[in-house]
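Peer 1: Structure in structure tokens, see below.
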Amino acid sequence: KAYNLYANQYIDLGQNDSAYYYLLKSEKLFLKLKDSLNLSKNYLDKSYVQLYENDYTGSELSSIQALGYFKNFNNRQSEYLALNLIGICSNELKNYDNALIYHNKALDYVNKYEEIANSKLHYRASTYNNIGYVYQNLNEHKEAVINFRLGLKEKNLLQDEPSIYSTIADNLAYSKFK
């Protein structure tokens with residue numbers, strides 16, 4: 001577990017190469033100990049590092065691995081995060097159909113589970129933004145605009161998460177311009 005803590009410190013410092021090194025060490029240890037819960041969290045951390053380093057295929061694989069373990073623990077928020085990451089990676093890999101499938105699964109989690117829907121992190125708004133962004137990449141701007149507007153309707157979004165609000169507003173303006 002100490003390796004994973006080191007990895008997270010390096011993630012916070014933006015030193016992804018060191019973070020990845022410790023994530024691999026902790027992955028081996030968690031596998032050896034058959035510690036599925038910590039292994040699943042480790043895979044999710046690894047997925048984020050891979051995403052930040054533009055390793056979309058690796059990030060997608062790590063998210064899929066994490067998701068497989070999270071389902072055993074009813075960790076809904078982590079399942080949401082894994083689904084979301086798979087959608088983001090699929091979009092970056094230009095696998096738009098898969099991206100929409102996973103972002104819609106993530107949206108289903110937001111709508112189904114209160115602890116995700118009521119989060120101050122505004123997962124619903126983020127998910128609508130991600131869906132809109134996929135449609136933007138498909139040059140389906142009318143559909144993108146619909147999703148961006150749904151994201152901006154989130155109560156207290158501007159106050160709680162101004163960066164998400166501004167991202168969605170920027171994406172909305174771009175699609176309206178197109």
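Peer 1: Which ³J(HN,Hα) values, rounded to whole Hz and listed in residue order, are derived for the stretch 162-172 from phi using the Karplus coefficients 6.51, -1.76 and 1.60 in 6.51 cos²θ - 1.76 cosθ + 1.60 with θ = phi - 60°, glycine and proline given as x?
Peer 2: Karplus-based 3J(HN,Hα) across the stretch 162-172 equals x, 5, 5, 4, 5, 5, 5, 4, 5, 5, 4 Hz.
Peer 1: Next up: Rolling a 1.4 Å sphere over the protein heavy atoms, what is the accessible area per residue of the stretch 1-80, to the nearest Å²?
Peer 2: That works out to 57 Å² for each residue.
Peer 1: Using a 10 Å cut-off on Cβ atoms, rank the peptides 45-54, 127-136 from the highest mean neighbour count down.
Peer 2: Ranking the peptides 45-54, 127-136 by packing returns 127-136, 45-54.
Peer 1: Under the rule of -39500 (n - 2.57) per DSSP H run of 4 or more residues, summed and divided by the residues of the chain, what mean residue ellipticity at 222 nm is obtained, to the nearest 500 deg cm²/dmol?
Peer 2: Estimated from H runs of four or more residues: -26000 deg cm²/dmol.
Peer 1: How many angstrom lie between the C-alpha centres of the stretch 27-74 and the stretch 75-134?
Peer 2: 17 Å
Peer 1: When the accessible area of the chain is computed with all protein chains present and a 1.4 Å probe, what percentage of it is carbon and sulfur?
Peer 2: The computed percentage sits at 49.
The values are calculated or read from the model by the stated rules, or taken from the named source; none is laboratory data. Here the structure is a predicted model, which is why all the values come from computation and not from measurement. As a convention, Cβ positions derive from the backbone with ideal geometry for all residues, glycine included, and neighbour counts pool all protein chains shown. Note: accessible area is taken over every heavy atom of the protein model, side chains too, but ligands, DNA and RNA are not part of it. Shrake-Rupley method; radii C 1.70, N 1.55, O 1.52, S 1.80 Å.
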